[in-house]
1. When only Cα pairs under 8 Å and 6 or more residues apart are kept, what is the percent relative contact order across the chain?
2. For region 125-239, what is the Kirkwood estimate of the hydrodynamic radius, computed as the reciprocal of the mean inverse distance between distinct Cα atoms, to one decimal in Å?
3. Could you order the peptides 157-164, 182-189 from most to least packed, using the average number of other C-beta atoms within 10 Å per residue?
4. Quick one: which residues, 5 or more positions from Phe42 or on another chain, have an amide H under 5 Å from its amide H? H modelled 1.01 Å from N in the peptide plane, none for Pro or chain starts.
5. Please give the peptides 140-151, 63-74 ranked by average Cβ packing (other Cβ atoms within 10 Å per residue), highest first, as a rough proxy for protection.
6. Over the alpha-carbon set of region 188-239, work out the extent along each principal axis and list the three values in angstrom, largest first.
7. For the chain, what does the helix formula give at 222 nm: sum of -39500 (n - 2.57) over DSSP H segments with n ≥ 4, over the residue count, nearest 500 deg cm²/dmol?
8. No solvent, one uniform scatterer per C-alpha: report log10 I(q)/I(0) for region 89-142 via the Debye equation at q = 0.14, 0.29 1/Å, two decimals.
Amino acid sequence: MPTNMPQTLIIADLHLTQIENDKIELFRKFCVEDASKVDQLFILGDLFNTWIGDDISLNTYKSIVTILNNLTKNTQVFVMIGNRDFLLSNKFESKTGCKLIKEPYLLKHNKNKYLLMHGDSLCTDDINYQKMKKVLRNPIIQFIFLHLPNNLRLKLTGQLRKKSIEAQSYKSEKIMDVNQSSVDELMKKYPNMDLIHGHTHRQNTHIMERYNRYVLGDWKNNQGNAIKLDDSLEWLEIN
């Protein structure tokens, strides 16, 4: 009797908020109808639009925590932090049953091998963003931020988000995409592997000479996208 091949779903950039009920419902439906039927789900960053610490945000996103907790009873769920939700921590894991993973993550799936990333570290042309990321990911800065009063954390997060939106308005499309040379250098370290990432919101399949690069798109209120892995790779539209 042939054994069933394991099946995997991969998504990214849902940017869930507590007020976008249509998108939360789309995610719930996806978890019930699609993700619950596979062995594992990978979320490659920015599941949440903001995450200002487990102590506050777990209460903010109670409905999504419940969705994830129900899903992890049958499906393994792996969550990679993104540039919006990089403060996800161990309380999130214990409340949802998800496992936080670091990038780059090497996924061996049946006969194929994939490198999973959020993707922002490959946008090396965006020098100001990379500088800001280095500051925000500093453990000392994060420790100080997480010990600030709730209202101040919310205020600072809002100010940072406003500045980010303003900065994006004058950045070129090229700067906000991955740098091809950076991707090529990365993939030299991982021969015979394909790359799957999100962040840029530019859903596409790029066939390169030595590897393929699959870019997940972001989710809208009524439409999402996913990659399904079994014996091959397949794009899924979620609606």
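1. 24
2. With all distinct Cα pairs of region 125-239 included, I get 17.2 Å.
3. 182-189, 157-164
4. Sorted by chain and number, the residues that satisfy this are Leu9, Ile10, Ile11, Phe78.
5. 63-74, 140-151
6. 37, 26, 15
7. Per the formula, -10500 deg cm²/dmol.
8. Results for region 89-142 at q = 0.14, 0.29 Å⁻¹ read -0.60, -1.06.
None of the figures in this text is laboratory data; all of them are computed from the coordinates on show. This is a predicted model, so every value here is computed, not measured. Using ideal geometry, Cβ is built from the backbone for each residue, glycine included, and neighbour counts are taken over all protein chains shown.
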